[in-house]
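Shown below is the structure under consideration.
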Amino acid sequence: QAFDSIHQIDLVPTISFLLGLPIPYANIGGLVTAILPTPSASSSTPYIATLLALNAAQVWTYLHTYSQTSRDLPQGRLLELKELLDSAAALYRGAIFQSRKEEKSDILQDNAYHDSTEFRQACGLFKIFLAESTGLGKQVWTQFNEHGMMIGICILFFAWILANPLWNRDVRKQMGMI
């Protein structure tokens with residue numbers, strides 16, 4: 001079922017993590033967590049939360065840098081995304097802090113973190129951030145200028161009309177017909 005809803009834009013960060021590579025800078029896709037392997041059942045949510053936090057940080061870095069050089073992205077929407085990311089990051093940091101406190105008392109093996117509600121909530125907020133960031137990118141970068149497209153088509157059509165007689169004459173001349 002996980003493969004029924006994978007978007008092409010989400011393959012790049014997912015494959016990057018599977019290969020142990022950083023996500024390409026300009027990618028705004030989100031991880032497909034359902035197909036990522038996890039180290040163990042008890043630490044799967046903290047592991048996924050960490051990967052989503054890295055993915056969200058990479059997307060935010062790109063959107064923020066892009067907004068510094070272009071005014072395509074609405075500033076109000078960017079502020080909303082930043083607040084959402086800050087909320088997710090605060091929950092994530094709180095979950096790590098709480099898990100470390102529990103670690104001191106329980107002595108966890110291999111520096112694993114306890115699965116907690118905070119990690120799950122952070123995962124949810126990171127996923128919402130990634131989905132809304134992708135939505136914003138699609139909204140801004142997939143607009144079509146119908147007027148400009150019509151002008152381009154007209155220019156191509158007139159160029160073809162002007163070039164067609166010259167091309168036909170050159171072809172006939174090469175074939176020895178003129």
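Quick query: amide H of Val32 versus all other amide H atoms, modeled in the peptide plane; which residues come in under 5 Å with a sequence gap of 5 or more or a different chain?
For Val32, whose amide H was placed from the backbone, the distant partners under 5 Å are Thr14.
Taking a ≥ b ≥ c as the square roots of the eigenvalues of the Cα gyration tensor of the range 19-61, is the shape rounded (a/c under 1.5), prolate (a/b larger than b/c) or oblate?
On the way: a/c = 2.45, a/b = 1.96, b/c = 1.25.
The shape class here is prolate.
Put Trp141, Trp160 in order of accessible area, largest first, 1.4 Å probe: what do you get? Numbers along the way, then the final one.
Values: Trp141 90, Trp160 150 Å².
Output order, biggest surface exposure first: Trp160, Trp141.
Give me the accessible area of Val32, 1.4 Å probe, in Å² rounded to the nearest 10.
So the heavy atoms of Val32 present about 20 Å² to solvent.
Over the heavy atoms of Lys101, what accessible area does a 1.4 Å probe trace out, to the nearest 10 Å²?
Accessible area of Lys101: about 110 Å².
Another question, then. Can you divide the C-alpha Rg of the range 1-87 by 2.2 N^0.38 Å and report the result to two decimal places? It would help to have the intermediate numbers written out before the result.
Details: Rg = 14.3 Å, N = 87, 2.2 N^0.38 = 12.0 Å.
The reported ratio for this selection is 1.19.
Keeping all protein chains in position, work out how much accessible area Glu146 exposes to a 1.4 Å probe, and write it in Å² to the nearest 10.
Taking all protein chains as shown, Glu146 has close to 120 Å².
The values are calculated or read from the model by the stated rules, or taken from the named source; none is laboratory data. Because the structure is a prediction, the values reported are computed rather than measured. The area values use the complete protein model at the heavy-atom level, side chains included, leaving out ligands, DNA and RNA. Shrake-Rupley method; radii C 1.70, N 1.55, O 1.52, S 1.80 Å.
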